[in-house]
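First comes the structure, then the notes that go with it.
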Ligand SMILES: Nc1ncnc2c1ncn2[C@@H]1O[C@H](COP(=O)(O)OP(=O)(O)OP(=O)(O)O)[C@@H](O)[C@H]1O
Ligand SMILES: [Mg+2]
(Lines give C-alpha, C1' and ligand atoms only; values in the text may rest on other atoms or scores of the structure.)
(Ligands and ions follow the chains in the order given, each with its own letter.)
Protein backbone atom coordinates (compact mmCIF):
# COMPACT_ATOMS: atom_id res chain seq x y z
CA UNK A 1 0.00 0.00 0.00
CA UNK A 2 1.59 3.23 -1.08
CA UNK A 3 1.26 6.18 1.20
CA UNK A 4 -0.11 8.38 -1.58
CA UNK A 5 -3.89 8.15 -1.73
CA UNK A 6 -4.68 10.65 -4.47
CA UNK A 7 -2.30 11.10 -7.34
CA UNK A 8 -3.07 13.75 -9.92
CA UNK A 9 -0.89 13.99 -13.00
CA UNK A 10 -0.82 16.67 -15.67
CA UNK A 11 -4.49 17.49 -15.34
CA UNK A 12 -6.10 19.66 -18.00
CA UNK A 13 -9.67 20.81 -17.72
CA UNK A 14 -11.59 23.65 -19.29
CA UNK A 15 -15.07 25.09 -19.10
CA UNK A 16 -16.01 26.51 -22.47
CA UNK A 17 -12.98 28.50 -23.59
CA UNK A 18 -11.67 29.06 -20.10
CA UNK A 19 -8.87 26.84 -18.97
CA UNK A 20 -9.40 25.89 -15.34
CA UNK A 21 -6.52 23.44 -14.98
CA UNK A 22 -3.44 23.59 -17.09
CA UNK A 23 -1.17 20.73 -16.25
CA UNK A 24 -1.88 20.40 -12.56
CA UNK A 25 -0.09 17.65 -10.65
CA UNK A 26 -0.53 16.88 -6.99
CA UNK A 27 -0.03 14.09 -4.46
CA UNK A 28 -2.23 13.70 -1.43
CA UNK A 29 -0.96 11.39 1.29
CA UNK A 30 -3.06 8.61 2.75
CA UNK A 31 -2.97 10.04 6.22
CA UNK A 32 -3.30 13.49 7.66
CA UNK A 33 -5.03 16.64 6.63
CA UNK A 34 -4.21 18.12 3.27
CA UNK A 35 -5.36 21.64 2.58
CA UNK A 36 -5.96 22.96 -0.89
CA UNK A 37 -6.06 26.70 -0.95
CA UNK A 38 -6.34 29.24 -3.65
CA UNK A 39 -8.23 32.35 -4.63
CA UNK A 40 -11.94 32.18 -5.28
CA UNK A 41 -12.81 30.84 -8.71
CA UNK A 42 -9.53 29.01 -9.32
CA UNK A 43 -11.32 25.67 -9.48
CA UNK A 44 -11.05 24.14 -6.05
CA UNK A 45 -14.59 22.81 -6.15
CA UNK A 46 -13.94 21.65 -9.69
CA UNK A 47 -10.86 19.77 -8.50
CA UNK A 48 -12.88 17.91 -5.86
CA UNK A 49 -15.50 17.02 -8.45
CA UNK A 50 -12.77 15.68 -10.71
CA UNK A 51 -11.47 13.55 -7.84
CA UNK A 52 -14.98 12.25 -7.21
CA UNK A 53 -15.42 11.37 -10.87
CA UNK A 54 -18.29 13.79 -11.41
CA UNK A 55 -16.39 15.70 -14.06
CA UNK A 56 -14.12 14.37 -16.77
CA UNK A 57 -10.73 15.96 -17.43
CA UNK A 58 -9.72 16.90 -20.96
CA UNK A 59 -6.47 15.06 -20.37
CA UNK A 60 -4.34 13.86 -17.50
CA UNK A 61 -5.17 11.38 -14.81
CA UNK A 62 -6.60 11.25 -11.32
CA UNK A 63 -5.81 8.16 -9.29
CA UNK A 64 -7.51 7.47 -5.99
CA UNK A 65 -6.24 4.51 -4.02
CA UNK A 66 -4.51 3.22 -7.11
CA UNK A 67 -7.62 3.38 -9.31
CA UNK A 68 -7.85 5.74 -12.23
CA UNK A 69 -11.13 7.46 -11.45
CA UNK A 70 -12.05 8.28 -15.02
CA UNK A 71 -11.46 4.83 -16.42
CA UNK A 72 -13.61 2.93 -13.94
CA UNK A 73 -16.96 1.45 -14.89
CA UNK A 74 -19.93 3.09 -13.22
CA UNK A 75 -20.19 0.20 -10.84
CA UNK A 76 -16.55 0.36 -9.77
CA UNK A 77 -16.76 4.13 -9.50
CA UNK A 78 -19.74 3.80 -7.17
CA UNK A 79 -17.83 1.26 -5.10
CA UNK A 80 -14.98 3.74 -4.83
CA UNK A 81 -17.33 6.57 -3.90
CA UNK A 82 -18.63 4.60 -0.94
CA UNK A 83 -15.16 5.02 0.46
CA UNK A 84 -15.05 8.75 -0.23
CA UNK A 85 -17.05 11.22 1.79
CA UNK A 86 -17.74 14.62 0.38
CA UNK A 87 -18.99 17.71 2.11
CA UNK A 88 -20.51 20.02 -0.46
CA UNK A 89 -20.08 23.75 -0.30
CA UNK A 90 -23.87 24.09 -0.09
CA UNK A 91 -24.47 21.08 2.16
CA UNK A 92 -26.62 19.35 -0.48
CA UNK A 93 -28.93 17.76 2.08
CA UNK A 94 -31.99 15.97 0.76
CA UNK A 95 -34.77 18.40 1.55
CA UNK A 96 -37.59 15.87 1.71
CA UNK A 97 -35.93 13.94 4.55
CA UNK A 98 -35.32 14.92 8.16
CA UNK A 99 -31.84 15.53 9.51
CA UNK A 100 -31.84 12.04 10.99
CA UNK A 101 -32.89 10.41 7.73
CA UNK A 102 -30.31 12.41 5.81
CA UNK A 103 -27.50 11.00 7.91
CA UNK A 104 -29.11 7.56 7.80
CA UNK A 105 -29.45 7.70 4.02
CA UNK A 106 -26.07 6.28 2.98
CA UNK A 107 -26.36 3.61 5.69
CA UNK A 108 -29.77 2.54 4.46
CA UNK A 109 -28.61 2.54 0.85
CA UNK A 110 -25.37 0.66 1.29
CA UNK A 111 -25.59 -1.49 4.40
CA UNK A 112 -27.91 -4.17 5.70
CA UNK A 113 -27.87 -2.83 9.25
CA UNK A 114 -31.09 -3.06 11.20
CA UNK A 115 -32.99 0.00 12.38
CA UNK A 116 -31.66 -0.06 15.91
CA UNK A 117 -28.07 -0.08 14.73
CA UNK A 118 -28.69 2.64 12.19
CA UNK A 119 -30.27 4.72 14.94
CA UNK A 120 -27.22 4.27 17.12
CA UNK A 121 -24.79 5.16 14.40
CA UNK A 122 -26.74 8.19 13.25
CA UNK A 123 -27.12 9.56 16.74
CA UNK A 124 -23.41 9.10 17.39
CA UNK A 125 -22.49 10.93 14.18
CA UNK A 126 -24.95 13.71 14.94
CA UNK A 127 -23.61 13.94 18.44
CA UNK A 128 -20.12 14.35 17.05
CA UNK A 129 -21.22 17.47 15.17
CA UNK A 130 -23.30 18.73 18.10
CA UNK A 131 -26.67 18.39 16.42
CA UNK A 132 -28.20 15.32 18.02
CA UNK A 133 -30.98 17.58 19.31
CA UNK A 134 -31.84 18.63 15.76
CA UNK A 135 -32.37 15.07 14.55
CA UNK A 136 -36.06 15.51 13.83
CA UNK A 137 -35.79 18.87 12.14
CA UNK A 138 -36.10 19.27 8.42
CA UNK A 139 -33.16 20.73 6.45
CA UNK A 140 -35.16 23.85 5.62
CA UNK A 141 -35.28 24.69 9.33
CA UNK A 142 -31.49 24.68 9.68
CA UNK A 143 -29.15 27.60 9.30
CA UNK A 144 -26.43 27.36 6.67
CA UNK A 145 -23.80 26.50 9.24
CA UNK A 146 -25.95 23.82 10.85
CA UNK A 147 -26.72 22.31 7.45
CA UNK A 148 -23.00 22.06 6.79
CA UNK A 149 -22.48 20.19 10.05
CA UNK A 150 -25.27 17.76 9.23
CA UNK A 151 -23.68 17.23 5.85
CA UNK A 152 -20.43 16.49 7.65
CA UNK A 153 -22.17 13.88 9.78
CA UNK A 154 -23.55 12.34 6.61
CA UNK A 155 -20.19 12.40 4.85
CA UNK A 156 -18.62 10.29 7.61
CA UNK A 157 -21.60 7.97 8.03
CA UNK A 158 -20.00 5.14 6.09
CA UNK A 159 -16.60 5.60 7.76
CA UNK A 160 -14.84 6.47 4.51
CA UNK A 161 -11.12 6.31 3.86
CA UNK A 162 -11.12 9.96 2.82
CA UNK A 163 -13.32 12.98 3.35
CA UNK A 164 -13.32 15.98 1.05
CA UNK A 165 -14.43 19.18 2.68
CA UNK A 166 -15.46 21.98 0.36
CA UNK A 167 -15.30 25.24 2.28
CA UNK A 168 -16.33 23.79 5.64
CA UNK A 169 -15.77 27.04 7.52
CA UNK A 170 -17.71 29.61 5.57
CA UNK A 171 -20.87 30.74 7.31
CA UNK A 172 -19.80 29.52 10.75
CA UNK A 173 -19.74 31.77 13.76
CA UNK A 174 -16.40 31.91 15.61
CA UNK A 175 -17.48 29.32 18.17
CA UNK A 176 -18.76 26.71 15.77
CA UNK A 177 -15.85 27.49 13.50
CA UNK A 178 -13.51 26.59 16.32
CA UNK A 179 -15.55 23.49 17.04
CA UNK A 180 -15.50 22.49 13.41
CA UNK A 181 -11.77 23.04 13.08
CA UNK A 182 -11.05 20.78 16.01
CA UNK A 183 -13.73 18.35 14.84
CA UNK A 184 -12.08 17.88 11.49
CA UNK A 185 -8.73 17.43 13.14
CA UNK A 186 -10.09 14.98 15.75
CA UNK A 187 -12.04 12.99 13.20
CA UNK A 188 -8.96 12.74 11.10
CA UNK A 189 -6.80 11.34 13.85
CA UNK A 190 -9.55 9.19 15.41
CA UNK A 191 -10.53 7.54 12.13
CA UNK A 192 -7.01 7.71 10.75
CA UNK A 193 -8.23 8.85 7.38
CA UNK A 194 -7.25 11.26 4.66
CA UNK A 195 -8.92 14.64 4.94
CA UNK A 196 -8.83 17.10 2.09
CA UNK A 197 -9.86 20.56 3.13
CA UNK A 198 -10.59 23.18 0.52
CA UNK A 199 -10.76 26.58 2.05
CA UNK A 200 -9.67 30.14 1.97
CA UNK A 201 -9.82 30.62 5.69
CA UNK A 202 -6.07 30.63 5.86
CA UNK A 203 -5.30 30.75 9.60
CA UNK A 204 -7.86 28.07 10.55
CA UNK A 205 -6.84 25.77 7.75
CA UNK A 206 -3.13 26.24 8.34
CA UNK A 207 -3.59 25.48 12.02
CA UNK A 208 -4.78 21.93 11.39
CA UNK A 209 -3.26 21.03 8.03
CA UNK A 210 -0.30 18.69 7.70
CA UNK A 211 0.28 19.55 4.06
CA UNK A 212 -0.81 22.52 2.03
CA UNK A 213 -1.13 22.97 -1.72
CA UNK A 214 -1.73 26.42 -3.06
CA UNK A 215 -3.22 26.56 -6.52
CA UNK A 216 -3.75 29.45 -8.84
CA UNK A 217 -4.08 29.87 -12.58
CA UNK A 218 -4.56 26.16 -13.13
CA UNK A 219 -1.39 24.97 -11.46
CA UNK A 220 0.00 24.17 -8.07
CA UNK A 221 2.05 27.17 -7.09
CA UNK A 222 3.59 25.84 -3.98
CA UNK A 223 3.22 22.88 -1.65
CA UNK A 224 4.64 22.09 1.70
CA UNK A 225 4.00 22.14 5.40
CA UNK A 226 2.14 25.13 6.85
CA UNK A 227 5.29 26.36 8.53
CA UNK A 228 7.33 26.32 5.35
CA UNK A 229 4.61 28.22 3.49
CA UNK A 230 4.37 30.88 6.19
CA UNK A 231 7.96 31.76 5.47
CA UNK A 232 7.76 31.22 1.75
CA UNK A 233 10.00 33.21 -0.54
CA UNK A 234 7.38 33.19 -3.29
CA UNK A 235 5.47 36.42 -3.69
CA UNK A 236 2.30 34.53 -4.67
CA UNK A 237 2.32 32.42 -1.58
CA UNK A 238 3.22 35.31 0.62
CA UNK A 239 0.35 37.35 -0.71
CA UNK A 240 -2.15 34.56 -0.27
CA UNK A 241 -1.08 33.40 3.14
CA UNK A 242 -0.94 36.92 4.52
CA UNK A 243 -3.98 38.17 2.67
CA UNK A 244 -2.38 41.21 1.01
CA UNK A 245 -4.64 42.92 -1.51
CA UNK A 246 -1.78 43.83 -3.78
CA UNK A 247 0.48 41.27 -5.35
CA UNK A 248 0.79 38.83 -8.19
CA UNK A 249 -2.53 37.06 -7.54
CA UNK A 250 -5.19 38.96 -9.44
CA UNK A 251 -8.36 39.88 -7.61
CA UNK A 252 -10.19 40.28 -10.93
CA UNK A 253 -11.68 37.62 -13.13
CA UNK A 254 -9.82 37.88 -16.48
CA UNK A 255 -11.15 40.86 -18.41
CA UNK A 256 -10.00 43.56 -20.79
CA UNK A 257 -8.78 46.76 -19.15
CA UNK A 258 -11.49 48.69 -17.32
CA UNK A 259 -11.01 51.84 -19.45
CA UNK A 260 -11.55 49.86 -22.65
CA UNK A 261 -14.79 48.50 -21.25
CA UNK A 262 -16.00 51.91 -20.13
CA UNK A 263 -15.18 53.71 -23.38
CA UNK A 264 -16.52 51.18 -25.87
CA UNK A 265 -19.92 51.91 -24.40
CA UNK A 266 -21.73 48.71 -25.36
CA UNK B 1 -26.80 42.32 -46.22
CA UNK B 2 -24.84 39.30 -47.30
CA UNK B 3 -23.41 39.10 -43.85
CA UNK B 4 -26.87 39.34 -42.33
CA UNK B 5 -28.06 36.39 -44.35
CA UNK B 6 -25.04 34.32 -43.50
CA UNK B 7 -25.58 35.11 -39.85
CA UNK B 8 -29.18 34.04 -40.15
CA UNK B 9 -28.16 30.83 -41.82
CA UNK B 10 -25.59 30.16 -39.14
CA UNK B 11 -28.14 30.92 -36.48
CA UNK B 12 -30.63 28.48 -37.96
CA UNK B 13 -27.93 25.84 -38.30
CA UNK B 14 -26.74 26.24 -34.74
CA UNK B 15 -30.28 26.18 -33.44
CA UNK B 16 -31.13 23.03 -35.34
CA UNK B 17 -28.00 21.31 -34.14
CA UNK B 18 -28.78 22.26 -30.58
CA UNK B 19 -32.29 20.89 -30.86
CA UNK B 20 -31.07 17.58 -32.22
CA UNK B 21 -28.44 17.37 -29.53
CA UNK B 22 -31.16 17.88 -26.94
CA UNK B 23 -33.29 15.21 -28.56
CA UNK B 24 -30.30 12.87 -28.43
CA UNK B 25 -29.69 13.64 -24.78
CA UNK B 26 -33.37 13.14 -24.09
CA UNK B 27 -33.36 9.73 -25.73
CA UNK B 28 -30.30 8.54 -23.85
CA UNK B 29 -31.87 9.87 -20.69
CA UNK B 30 -35.07 7.95 -21.41
CA UNK B 31 -33.07 4.78 -21.88
CA UNK B 32 -31.37 5.26 -18.51
CA UNK B 33 -34.68 5.96 -16.82
CA UNK B 34 -36.34 2.87 -18.23
CA UNK B 35 -33.38 0.78 -17.12
CA UNK B 36 -33.59 2.48 -13.73
CA UNK B 37 -37.25 1.50 -13.39
CA UNK B 38 -36.17 -2.11 -13.00
CA UNK B 39 -34.51 -1.27 -9.69
CA UNK B 40 -37.87 -0.19 -8.28
CA UNK B 41 -38.85 -3.81 -7.82
CA UNK B 42 -36.71 -3.88 -4.71
CA UNK B 43 -37.87 -0.44 -3.55
CA UNK B 44 -41.66 -0.27 -4.07
CA UNK B 45 -41.93 2.37 -1.35
CA UNK B 46 -40.33 4.99 -3.58
CA UNK B 47 -42.89 4.34 -6.30
CA UNK B 48 -45.84 4.42 -3.94
CA UNK B 49 -44.77 7.75 -2.53
CA UNK B 50 -44.58 9.21 -6.03
CA UNK B 51 -47.87 7.64 -7.09
CA UNK B 52 -49.37 9.62 -4.25
CA UNK B 53 -47.83 12.96 -5.15
CA UNK B 54 -48.10 12.59 -8.93
CA UNK B 55 -51.37 10.67 -9.17
CA UNK B 56 -53.50 11.12 -6.09
CA UNK B 57 -52.78 14.81 -5.73
CA UNK B 58 -53.84 15.39 -9.34
CA UNK B 59 -57.09 13.55 -8.75
CA UNK B 60 -59.10 16.48 -7.45
CA UNK B 61 -58.55 18.73 -10.45
CA UNK B 62 -59.29 15.79 -12.77
CA UNK B 63 -62.56 14.95 -11.04
CA UNK B 64 -63.77 18.54 -10.98
CA UNK B 65 -62.79 19.14 -14.60
CA UNK B 66 -64.36 15.86 -15.70
CA UNK B 67 -67.59 16.71 -13.97
CA UNK B 68 -67.92 20.10 -15.63
CA UNK B 69 -66.84 18.90 -19.04
CA UNK B 70 -69.45 16.14 -18.88
CA UNK B 71 -72.14 18.58 -17.79
CA UNK B 72 -71.34 21.08 -20.53
CA UNK B 73 -71.21 18.30 -23.11
CA UNK B 74 -74.66 17.15 -22.06
CA UNK B 75 -76.11 20.64 -22.42
CA UNK B 76 -74.49 21.29 -25.76
CA UNK B 77 -75.42 17.98 -27.32
CA UNK B 78 -78.97 18.28 -25.97
CA UNK B 79 -79.47 21.65 -27.69
CA UNK B 80 -78.01 20.34 -30.92
CA UNK B 81 -79.94 17.06 -30.92
CA UNK B 82 -83.31 18.19 -29.60
CA UNK B 83 -84.17 19.90 -32.91
CA UNK B 84 -83.96 16.54 -34.66
CA UNK B 85 -85.83 14.74 -31.92
CA UNK B 86 -82.67 12.79 -31.21
CA UNK B 87 -82.14 13.93 -27.61
CA UNK B 88 -82.07 10.32 -26.47
CA UNK B 89 -78.62 10.14 -28.05
CA UNK B 90 -77.13 12.60 -25.56
CA UNK B 91 -75.74 9.73 -23.50
CA UNK B 92 -73.90 8.04 -26.31
CA UNK B 93 -72.67 11.31 -27.73
CA UNK B 94 -71.12 12.35 -24.44
CA UNK B 95 -69.71 8.91 -23.73
CA UNK B 96 -68.04 8.59 -27.12
CA UNK B 97 -66.59 12.10 -27.07
CA UNK B 98 -65.16 11.55 -23.62
CA UNK B 99 -63.76 8.09 -24.22
CA UNK B 100 -62.25 8.79 -27.60
CA UNK B 101 -61.00 12.35 -27.25
CA UNK B 102 -61.77 14.55 -24.33
CA UNK B 103 -60.91 12.13 -21.57
CA UNK B 104 -57.35 11.38 -22.68
CA UNK B 105 -56.61 14.83 -24.11
CA UNK B 106 -57.95 17.08 -21.36
CA UNK B 107 -56.59 14.81 -18.65
CA UNK B 108 -53.17 14.89 -20.28
CA UNK B 109 -53.22 18.68 -20.62
CA UNK B 110 -54.24 19.10 -16.98
CA UNK B 111 -51.69 16.48 -15.98
CA UNK B 112 -48.91 18.36 -17.77
CA UNK B 113 -49.93 21.59 -16.06
CA UNK B 114 -50.38 20.18 -12.58
CA UNK B 115 -48.08 17.17 -12.19
CA UNK B 116 -45.61 17.77 -15.04
CA UNK B 117 -44.65 21.28 -14.00
CA UNK B 118 -44.31 20.16 -10.39
CA UNK B 119 -42.00 17.31 -11.41
CA UNK B 120 -39.78 19.62 -13.44
CA UNK B 121 -39.59 22.18 -10.66
CA UNK B 122 -38.82 19.57 -8.02
CA UNK B 123 -36.10 17.79 -9.98
CA UNK B 124 -34.66 21.08 -11.23
CA UNK B 125 -34.43 22.43 -7.71
CA UNK B 126 -32.77 19.24 -6.53
CA UNK B 127 -30.20 19.77 -9.26
CA UNK B 128 -29.72 23.44 -8.42
CA UNK B 129 -29.18 22.70 -4.74
CA UNK B 130 -26.66 19.94 -5.61
CA UNK B 131 -28.85 17.23 -4.11
CA UNK B 132 -28.43 15.14 -7.25
CA UNK B 133 -24.63 15.59 -7.19
CA UNK B 134 -24.68 14.82 -3.50
CA UNK B 135 -26.44 11.53 -4.13
CA UNK B 136 -23.97 10.62 -6.83
CA UNK B 137 -21.13 11.23 -4.42
CA UNK B 138 -22.85 8.96 -1.91
CA UNK B 139 -22.71 6.30 -4.63
CA UNK B 140 -26.45 6.47 -5.11
CA UNK B 141 -27.69 6.75 -8.67
CA UNK B 142 -30.28 9.56 -8.84
CA UNK B 143 -31.62 8.02 -12.05
CA UNK B 144 -32.80 5.07 -10.01
CA UNK B 145 -33.78 6.78 -6.80
CA UNK B 146 -35.22 10.09 -7.99
CA UNK B 147 -36.06 10.03 -11.68
CA UNK B 148 -37.28 6.49 -12.27
CA UNK B 149 -39.97 6.42 -9.55
CA UNK B 150 -41.33 9.77 -10.72
CA UNK B 151 -41.37 8.69 -14.32
CA UNK B 152 -43.07 5.39 -13.61
CA UNK B 153 -45.61 7.04 -11.33
CA UNK B 154 -46.58 9.51 -14.04
CA UNK B 155 -46.74 6.79 -16.66
CA UNK B 156 -49.02 4.62 -14.51
CA UNK B 157 -51.20 7.45 -13.23
CA UNK B 158 -52.19 8.99 -16.54
CA UNK B 159 -54.41 6.16 -17.91
CA UNK B 160 -56.08 5.82 -14.51
CA UNK B 161 -56.72 9.53 -14.31
CA UNK B 162 -58.09 9.61 -17.85
CA UNK B 163 -60.42 6.73 -17.06
CA UNK B 164 -61.66 8.51 -13.96
CA UNK B 165 -62.11 11.70 -15.95
CA UNK B 166 -64.32 9.95 -18.49
CA UNK B 167 -66.33 8.11 -15.86
CA UNK B 168 -66.98 11.25 -13.85
CA UNK B 169 -67.80 13.11 -17.06
CA UNK B 170 -70.49 10.61 -17.97
CA UNK B 171 -71.95 10.92 -14.50
CA UNK B 172 -71.99 14.70 -14.81
CA UNK B 173 -73.77 14.35 -18.12
CA UNK B 174 -76.29 12.00 -16.52
CA UNK B 175 -77.10 14.52 -13.81
CA UNK B 176 -77.67 17.30 -16.33
CA UNK B 177 -79.52 15.23 -18.92
CA UNK B 178 -81.76 13.21 -16.64
CA UNK B 179 -82.20 15.37 -13.57
CA UNK B 180 -82.27 18.83 -15.16
CA UNK B 181 -83.37 18.30 -18.74
CA UNK B 182 -85.74 15.47 -17.94
CA UNK B 183 -84.48 12.88 -20.39
CA UNK B 184 -85.35 9.25 -19.86
CA UNK B 185 -82.72 7.55 -17.78
CA UNK B 186 -83.17 4.22 -19.58
CA UNK B 187 -82.52 5.83 -22.94
CA UNK B 188 -79.50 7.67 -21.57
CA UNK B 189 -77.82 4.42 -20.58
CA UNK B 190 -79.07 1.98 -23.21
CA UNK B 191 -77.61 3.70 -26.25
CA UNK B 192 -74.07 3.80 -24.95
CA UNK B 193 -74.41 0.15 -24.00
CA UNK B 194 -75.10 -0.72 -27.62
CA UNK B 195 -72.88 1.75 -29.34
CA UNK B 196 -69.69 1.97 -27.29
CA UNK B 197 -67.25 -0.59 -28.56
CA UNK B 198 -64.74 -2.14 -26.17
CA UNK B 199 -61.87 -2.18 -28.64
CA UNK B 200 -62.57 0.77 -30.87
CA UNK B 201 -63.54 3.21 -28.17
CA UNK B 202 -62.38 2.13 -24.74
CA UNK B 203 -59.08 0.45 -25.61
CA UNK B 204 -58.14 3.14 -28.08
CA UNK B 205 -58.84 5.80 -25.49
CA UNK B 206 -56.64 3.99 -23.01
CA UNK B 207 -53.87 3.63 -25.57
CA UNK B 208 -54.01 7.37 -26.15
CA UNK B 209 -53.77 8.13 -22.47
CA UNK B 210 -50.85 5.74 -22.07
CA UNK B 211 -48.98 7.46 -24.91
CA UNK B 212 -49.77 10.92 -23.56
CA UNK B 213 -48.72 9.95 -20.06
CA UNK B 214 -45.44 8.55 -21.35
CA UNK B 215 -44.60 11.65 -23.35
CA UNK B 216 -45.75 14.21 -20.79
CA UNK B 217 -43.84 12.55 -17.95
CA UNK B 218 -40.75 12.03 -20.06
CA UNK B 219 -40.69 15.71 -21.00
CA UNK B 220 -41.28 16.77 -17.40
CA UNK B 221 -38.51 14.71 -15.82
CA UNK B 222 -36.06 15.42 -18.62
CA UNK B 223 -36.62 19.18 -18.48
CA UNK B 224 -35.99 19.08 -14.74
CA UNK B 225 -32.87 16.97 -15.05
CA UNK B 226 -31.47 18.96 -17.96
CA UNK B 227 -32.31 22.45 -16.69
CA UNK B 228 -29.80 25.23 -16.17
CA UNK B 229 -29.45 25.15 -12.38
CA UNK B 230 -30.45 28.74 -11.66
CA UNK B 231 -33.80 30.27 -10.76
CA UNK B 232 -34.17 31.62 -14.25
CA UNK B 233 -33.25 28.33 -15.89
CA UNK B 234 -35.68 26.55 -13.63
CA UNK B 235 -38.51 28.91 -14.57
CA UNK B 236 -37.79 28.40 -18.24
CA UNK B 237 -37.66 24.65 -17.86
CA UNK B 238 -41.04 24.59 -16.11
CA UNK B 239 -42.59 26.70 -18.83
CA UNK B 240 -41.08 24.48 -21.50
CA UNK B 241 -42.52 21.42 -19.82
CA UNK B 242 -46.05 22.76 -20.03
CA UNK B 243 -45.71 24.17 -23.54
CA UNK B 244 -43.87 21.24 -25.08
CA UNK B 245 -46.01 18.57 -23.49
CA UNK B 246 -49.24 20.34 -24.44
CA UNK B 247 -48.13 20.65 -28.05
CA UNK B 248 -46.86 17.08 -28.12
CA UNK B 249 -50.14 15.81 -26.70
CA UNK B 250 -52.27 17.65 -29.26
CA UNK B 251 -50.03 16.61 -32.14
CA UNK B 252 -49.93 12.97 -31.04
CA UNK B 253 -53.69 13.02 -30.57
CA UNK B 254 -54.08 13.90 -34.22
CA UNK B 255 -51.67 11.20 -35.34
CA UNK B 256 -53.23 8.53 -33.14
CA UNK B 257 -56.77 9.46 -34.12
CA UNK B 258 -55.85 9.31 -37.78
CA UNK B 259 -54.32 5.86 -37.27
CA UNK B 260 -57.09 4.46 -35.08
CA UNK B 261 -60.21 5.63 -36.74
CA UNK B 262 -59.09 5.56 -40.38
CA UNK B 263 -61.52 3.51 -42.37
N1 LIG C 1 -21.18 24.81 -14.29
C2 LIG C 1 -20.22 25.67 -14.70
N3 LIG C 1 -20.23 26.09 -15.98
C4 LIG C 1 -19.27 26.93 -16.43
N5 LIG C 1 -18.29 27.39 -15.68
C6 LIG C 1 -18.23 27.00 -14.39
C7 LIG C 1 -19.20 26.13 -13.84
N8 LIG C 1 -18.88 25.91 -12.55
C9 LIG C 1 -17.77 26.62 -12.32
N10 LIG C 1 -17.37 27.29 -13.42
C11 LIG C 1 -16.18 28.13 -13.55
O12 LIG C 1 -15.11 27.37 -13.11
C13 LIG C 1 -14.24 28.15 -12.32
C14 LIG C 1 -13.88 27.39 -11.07
O15 LIG C 1 -15.04 27.19 -10.29
P16 LIG C 1 -14.98 26.53 -8.87
O17 LIG C 1 -16.37 26.48 -8.37
O18 LIG C 1 -14.24 25.25 -8.98
O19 LIG C 1 -14.13 27.60 -8.07
P20 LIG C 1 -13.68 27.56 -6.55
O21 LIG C 1 -12.20 27.58 -6.56
O22 LIG C 1 -14.35 26.44 -5.84
O23 LIG C 1 -14.19 28.95 -6.03
P24 LIG C 1 -14.79 29.32 -4.58
O25 LIG C 1 -13.63 29.38 -3.66
O26 LIG C 1 -15.40 30.66 -4.78
O27 LIG C 1 -15.80 28.27 -4.23
C28 LIG C 1 -14.94 29.46 -12.04
O29 LIG C 1 -14.18 30.46 -12.65
C30 LIG C 1 -16.26 29.37 -12.69
O31 LIG C 1 -16.47 30.51 -13.47
MG1 LIG D 1 -15.84 26.30 -4.49
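The values are calculated or read from the model by the stated rules, or taken from the named source; none is laboratory data. Not measured: the values here are computed from a predicted model. Every residue, glycine among them, receives a Cβ derived from its backbone with ideal geometry; neighbour counts consider all protein chains shown.
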The stretch A:201-224 - residue that is more than 16 Å from ligand 2 (Cβ to nearest atom) and in a helix (DSSP H, G or I) and, of those, surrounded by the fewest Cβ atoms within 10 Å (Cβ to Cβ): A:203
Can you tell which of B:38, B:14 is loosely packed, with under 12 Cβ neighbours inside 10 Å and under 13 Å from residue B:151 (Cα atoms)? B:38
Residue check, residue A:136 part of a loop (DSSP other than H, G, I, E, B) and either more than 21 Å from residue B:122 (Cβ to Cβ) or more than 16 Å from ligand 2 (Cβ to nearest atom) (or both): yes
Being under 17 Å from the mean Cα position of the chain (by Cα), within 13 Å of chain B (Cβ to nearest Cβ) and either surrounded by fewer than 20 Cβ atoms within 10 Å (Cβ to Cβ) or under 21 Å from residue A:212 (Cα atoms) (or both) narrows it down to one residue among A:198, A:150, A:163; which is it? A:163
Filter pass, residue A:98 being closer than 30 Å to residue B:125 by Cβ, at pLDDT below 90 and either surrounded by 16 or more Cβ atoms within 10 Å (Cβ to Cβ) or within 14 Å of chain B (Cβ to nearest Cβ) (or both): no
Scanning the stretch A:1-52 for residues that are within 16 Å of ligand 2 (Cβ to nearest atom), away from chain B (no Cβ under 14 Å) and assigned to a loop (DSSP other than H, G, I, E, B), the one nearest to residue A:225 (Cα to Cα) turns out to be A:38
Selection count, the stretch A:175-200, where residues are within 16 Å of ligand 1 (Cβ to nearest atom) and part of a strand (DSSP E or B): 3
Could you tell me which numbered condition residue A:196 fails, if it satisfies all but one of (1) modelled with pLDDT of 85 or more; (2) more than 28 Å from residue A:67 (Cα to Cα); (3) within 16 Å of ligand 2 (Cβ to nearest atom)? (2)
Among helices (runs of 4 or more DSSP H) entirely inside the stretch B:157-263, those with 3 or more residues being surrounded by fewer than 19 Cβ atoms within 10 Å (Cβ to Cβ) and over 20 Å from the mean Cα position of the chain (by Cα) are B:185-195, B:231-261
Being more than 30 Å from residue B:145 (Cβ to Cβ), surrounded by 14 or more Cβ atoms within 10 Å (Cβ to Cβ) and either out of contact with any strand residue (DSSP E or B) (no Cβ under 6 Å at 6 or more places or on another chain) or modelled with pLDDT under 95 (or both) is true for just one of B:54, B:63. Which residue is that? B:63
Taking the stretch A:85-95 and keeping residues within 13 Å of ligand 2 (Cβ to nearest atom) and either in contact with a strand residue (DSSP E or B) (Cβ under 7 Å, 6 or more places away or on another chain) or at pLDDT 90 or above (or both) leaves A:86, A:87, A:88, A:89
In the stretch B:106-125, which residues are buried (at least 24 other Cβ atoms within 10 Å of the Cβ) and within 14 Å of chain A (Cβ to nearest Cβ)? B:119, B:123, B:124
Just wondering, is there one or more residues in the stretch A:167-174 that are surrounded by fewer than 22 Cβ atoms within 10 Å (Cβ to Cβ), within 16 Å of ligand 1 (Cβ to nearest atom) and either free of Cβ contacts under 8 Å to residues at least 24 places away in the same chain or within 14 Å of another protein chain (Cβ to nearest Cβ) (or both)? yes
Of (1) farther than 23 Å from residue A:170 by Cα; (2) within 14 Å of chain B (Cβ to nearest Cβ); (3) away from ligand 1 (no atom under 16 Å from the Cβ), residue A:55 satisfies every one except (3)
Being part of a loop (DSSP other than H, G, I, E, B) and more than 7 Å from every other protein chain (Cβ to nearest Cβ) is the filter; apply it to the stretch A:70-94 and report the residue that is surrounded by the fewest Cβ atoms within 10 Å (Cβ to Cβ). A:73
Criterion first (within 27 Å of residue A:185 (Cβ to Cβ), assigned to a helix (DSSP H, G or I) and within 14 Å of another protein chain (Cβ to nearest Cβ)) does residue A:107 satisfy it? yes
Of the residues A:60, A:66, which is at pLDDT below 90, away from ligand 2 (no atom under 16 Å from the Cβ) and farther than 23 Å from residue A:217 by Cα? A:66
Given the criterion in contact with a helix residue (DSSP H, G or I) (Cβ under 8 Å, 6 or more places away or on another chain) and without any contact (Cβ under 8 Å) to a residue 24 or more places away in the chain, identify the matching residue among B:178, B:211. B:178
